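The structure appears right after this line, and notes come after that.
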Amino acid sequence: MKKTFTKFSAGNEILAICYCLYLTLLILLVCQVPGFSFSMYSEVDSSCQFVDTLYRFIGNPVEQAKCLLRPVRPYGNLGDKLEMLPEVLEKNIGQPFHLSRSQIEKYLRQKSIQMSDIGGPLSQPLSRANDNNEKSAAAGYLVIHDTSTPNYQYEAFPENINAPDWKYNDLQSWKQGNQSKAHIFINRLGESVTTFDFKDAWRATKLEVQILRIKSKGLFLHVELIQPRRSDPSGPNGNDAIAPDPGFTSPQLKRLALIYLVASLRRGEWLIPAYHAVVDAGIPGAHDDPQHFDLIQWGNLLEDLIGEIQNL
Ligand SMILES: [Zn+2]
């Protein structure tokens, strides 16, 4: 009798625990507790969750940027969602583009910058999702990468990585090479080359290729900043966890600001910048780029560039 009672009691306890768990899950779902989601992307990061039907991440454009521009640390460890962006980004992202094409063309002429260096003609629209389906959303994200190449492993970085004679600053080798392609590569001298025009739908992240698939093809633009890596002596053999510090050069970040600006012109709206590592967060084998991206410095350079163009 006692044995039977014990069994009955244990069963009740299990039922009670299951019921409590069910209630807890129900409350989390109904209340949409931050950080909790039942979607297939919950393990990625619910705060940057991509909403398939809307072709965007959760939140308004500025909120999305605060999530997608979280600091990227070695091994792809991410910092917290940003509480604020540099003012120039906070006030412009998602807003109508406010500089005229003729002003920008004048700037390009003065600086002898070819449109073929910065993603193609300014008169052309950007790519669209669903592999350039004309009824699908226009590209809304500028994904920032670092090439993480070459890996000097346990050697020091060469002294000349920011000089013309460092062979990885030769843009033609990136355009012709077999590296994972992006729309544009920017070298450490602040020069750039277009591999694919911004009207060409192209994918370069695991989120696009492995999860969202064809629907995302054309929604993201990809820019690679050339930056070498070396190995962390305390990490796995041959790892590429260490980037130069400071990371990118000022001319390199200024060219990225120009490319962001012309892509936004072609969109008619300021795009949402995003780091590759954050876009792919939580996906096995996710990359860890860009390392040592100075968002405040980039914001300052963008603000200066806007002022420079407006005062021509
Ligand atoms: Zn990348």
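The values are calculated or read from the model by the stated rules, or taken from the named source; none is laboratory data. Here the structure is a predicted model, which means the values were calculated and not measured. Positions of Cβ are generated from backbone atoms using ideal geometry, with glycine treated the same way; all protein chains shown enter the neighbour counts.
Quick notes on this structure:
- Only one of the numbered conditions (1) over 15 Å from residue 169 (Cα atoms); (2) surrounded by 20 or more Cβ atoms within 10 Å (Cβ to Cβ) is violated by residue 232, and that is (2).
- Filter pass, residue 264 being of a type in the set (Ser, Thr, Tyr) and more than 19 Å from the chain's Cα centre (by Cα): no
- If the condition is being of a type in the set (D, E, K, R) and within 16 Å of the ligand (Cβ to nearest atom), then segment 254-312 contributes 280, 288, 289.
- Considering residues of segment 63-122 that are at positive phi and hydroxyl-bearing (Ser, Thr, Tyr) only, the residue modelled with the lowest pLDDT: 75
- Single unsatisfied condition, residue 230 versus (1) within 13 Å of the chain's Cα centre (by Cα); (2) away from the ligand (no atom under 16 Å from the Cβ): (1)
- The number of residues in segment 125-152 that are part of a helix (DSSP H, G or I) and either β-branched (Val, Ile, Thr) or farther than 22 Å from residue 262 by Cβ (or both) comes to 2.
- For segment 77-124, a residue qualifies if it is closer than 17 Å to residue 194 by Cβ and part of a loop (DSSP other than H, G, I, E, B), and the qualifying residues are 111, 112, 113, 114, 118, 119, 120, 121, 122, 123, 124.
- Looking only at segment 196-220, and only at residues there that are away from the ligand (no atom under 13 Å from the Cβ) and outside any loop (DSSP other than H, G, I, E, B), the one that is surrounded by the most Cβ atoms within 10 Å (Cβ to Cβ): 216
- The one condition in (1) of a type in the set (Asp, Glu); (2) buried (at least 18 other Cβ atoms within 10 Å of the Cβ); (3) more than 22 Å from residue 257 (Cβ to Cβ) that residue 155 fails to fulfil: (2)
- Set side by side, the residues 271, 305 differ, and just one is surrounded by 18 or more Cβ atoms within 10 Å (Cβ to Cβ), touching a strand residue (DSSP E or B) at 6+ places or on another chain (Cβ under 8 Å) and modelled with pLDDT of 95 or more, which is 271.
- Residue selection: residue 47 fails the criterion of being modelled with pLDDT under 95, out of contact with any helix residue (DSSP H, G or I) (no Cβ under 8 Å at 6 or more places or on another chain) and not aromatic (Phe, Trp, Tyr).
- Inclusion of residue 134 among residues that are in contact with a strand residue (DSSP E or B) (Cβ under 7 Å, 6 or more places away or on another chain), at pLDDT 95 or above and either farther than 20 Å from residue 207 by Cβ or away from the ligand (no atom under 16 Å from the Cβ) (or both) is warranted.
- Among the residues making up segment 76-89, those that are surrounded by 14 or more Cβ atoms within 10 Å (Cβ to Cβ) and out of contact with any Cys (no Cβ under 6 Å at 6 or more places or on another chain) are 76, 78, 82, 85, 86, 88, 89.
- With respect to the conditions (1) more than 16 Å from the ligand (Cβ to nearest atom); (2) assigned to a loop (DSSP other than H, G, I, E, B); (3) hydrophobic (A, V, I, L, M, F, W, C), residue 193 falls short on a single one, namely (2).
- Screening 255, 188 for residues that are assigned to a loop (DSSP other than H, G, I, E, B) and at negative phi leaves exactly one candidate, 188.
- Test: residue in segment 150-159 that is within 16 Å of the ligand (Cβ to nearest atom) and at pLDDT 95 or above: yes
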